[in-house]
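Here the structure is laid out as structure tokens; the discussion comes afterwards.
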Amino acid sequence: MTDVLAANSGPEITDWMRSSGLEIVLLIVGAMLFGRFAAFLRDRVTTKIDSGFQTSDALVRTEAAKHRHALAQVVTWVVLTIVYVLVGMEVLRRLGFAVTGLVAPAAVLGAALGFGAQRIVQDILAGFFLITERQYGFGDVVQISVTGSAEVAEGTVEDVTLRITTLRNSDGEVIIVPNGQIVKVTNLSKDWARAAIDVPVSAQADITKINEILHKVCTKAYEDPRLTPLLLDEPSVMGVEDLSLEVMNIRMVARTLPGKQFEVGRELRVRVAAALRREGISETT
């Protein structure tokens with residue numbers, strides 16, 4: 001009996017493989033090859049965008065370059081999603097499933113998974129507006145407030161799709177944020193940035209002398225050939241920012257190229273500490 005079934009099923013399997021089976025294999029292989037080609041094309045485009053920045057004299061990426069880089073990532077993700085969905089439907093049809101007949105089961109499944117589907121749609125819509133409004137792009141340093149989390153996600157944007165944003169923080173950790181859960185975005189590297197340096201000194205110190213020292217630090221920093229390309233104008237002393245019985249904070253600010261505020265801030269703090277030490281004035285913590 002078993003031999004008879006095997007003899008009967010052999011030709012059927014062969015015929016199926018020659019017709020629908022071969023088409024299914026070709027569809028899956030074609031989708032995989034298309035995915036690789038799309039990723040290759042995306043990498044070529046983003047590499048060309050990055051090489052244009054690396055071979056230029058610019059110290060930071062332009063807003064247009066960051067947006068084009070993010071847009072290339074998003075378009076690739078959208079195209080691959082559409083292709084995979086269409087291929088999946090064709091595979092189901094060739095396996096004997098009536099795609100039109102799946103409407104009712106899909107409606108039931110959609111109702112059962114309504115909350116999850118709602119979250120996905122919310123993520124995609126939020127991602128669409130993030131890209132079209134150019135809130136941030138590839139390489140931007142951002143702080144993102146996430147729904148239900150007291151901690152702020154902070155880092156450099158490495159990848160953007162319509163559903164998620166991928167950040168890498170200063171510790172090298174990768175942070176993945178669903179776009180639909182983003183409440184607030186603080187872009188620290190858009191157009192220009194500001195380095196703010198608070199100098200704590202004793203409340204009994206000579207404020208006039210300290211202001212003179214800090215003004216000299218600002219002038220020399222702006223004349224430094226190493227710092228000048230990072231500064232948009234000469235740093236300035238804003239004055240006393242905070243005052244208590246023992247300590248007063250004097251604030252300096254400097255407008256910098258986007259993303260360079262941290263480097264400029266560290267350099268100015270070193271210069272301030274050295275200048276105060278030369279004058280015999282110690283900073284108070």
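Got a sec? How would Met89, Met252 order by Cβ neighbour count within 10 Å, fewest to most?
Values: Met89 13, Met252 24.
With the fewest neighbours first, Met89, Met252 line up as Met89, Met252.
Given Cβ point charges of +1 (Lys, Arg) and -1 (Asp, Glu) and nothing else, what value in debye, to the nearest 20, does the dipole of region 244-285 about its Cα centre take?
200
Using the 10 angstrom Cβ neighbour count as an exposure proxy, how do Val79, Val141 rank, fewest first?
Least crowded to most crowded, the residues run Val79, Val141.
Take Ala203 and Glu90, extend 7 Å from each Cα along the Cα→Cβ direction, and tell me the distance between the two endpoints in nm.
Modelled inter-label distance: 7.7 nm.
Through the Karplus equation 6.51 cos²θ - 1.76 cosθ + 1.60, θ set to phi - 60°, convert the phi angles of region 176-188 into ³J(HN,Hα) values in whole Hz; use x for Gly and Pro.
Along region 176-188, the couplings run 10, 10, x, 4, x, 9, 7, 9, 8, 10, 10, 8, 8 Hz.
Among the trypsin sites (Lys or Arg not before Pro) in region 190-285, which ones are in a DSSP loop with at most 15 other Cβ atoms within 10 Å of the Cβ? Mind listing them?
Here the trypsin sites (Lys or Arg not before Pro) that fit, given the DSSP loop and packing criteria, are Arg226.
Based on other C-beta atoms within 10 Å, arrange Asp191, Asp123, Asp224 from fewest to most. Mind showing how you got there, number by number?
Working: Asp191 9, Asp123 21, Asp224 14.
Result, fewest neighbours first: Asp191, Asp224, Asp123.
Convert each backbone phi in region 23-40 into a coupling constant with the Karplus relation 6.51 cos²θ - 1.76 cosθ + 1.60 (shift: θ = phi - 60°), then list the ³J(HN,Hα) values in order as whole Hz, x for Gly and Pro.
Calculated HN-Hα couplings, in order: 5, 5, 4, 5, 5, 5, 5, x, 5, 5, 5, 5, x, 5, 5, 4, 5, 5 Hz.
What FRET efficiency comes out for Ile28 versus Glu263 if R0 is 51 angstrom and r is the Cβ-Cβ distance? Round to the nearest 0.05.
The computed FRET efficiency comes out at 0.55.
Which entries in Lys48/Lys190; Lys66/Lys220; Lys184/Lys260; Lys220/Lys260; Lys184/Lys220; Lys48/Lys260 show an alpha-carbon gap greater than 28 Å?
Flagged as over cut-off: Lys66/Lys220; Lys184/Lys220.
Can you give me the long-range amide H partners of Gly239? Hydrogens built in the peptide plane at 1.01 Å from N, cutoff under 5 Å, separation of 5 or more residues or another chain.
Arg251
Where a ≥ b ≥ c are the square roots of the eigenvalues of the C-alpha gyration tensor, would you call region 193-278 rounded, which needs a/c under 1.5, or, failing that, prolate if a/b is larger than b/c, or oblate?
Taking the square roots of the gyration eigenvalues as a ≥ b ≥ c, region 193-278 is prolate.
What's the extension gain from Asp171 to Val78 if we count 0.36 nm per residue and subtract their Cα-Cα distance?
Gain on extension, Asp171 to Val78, equals 30.4 nm.
Any read-out appearing in this document is the output of simple, stated calculations on the displayed coordinates, not a laboratory observation. What you see is a predicted model; the values in this text were computed from it and never measured. When we count neighbours, we look across all protein chains shown, and the Cβ atoms used for this are built from the backbone with ideal geometry, even at glycine.
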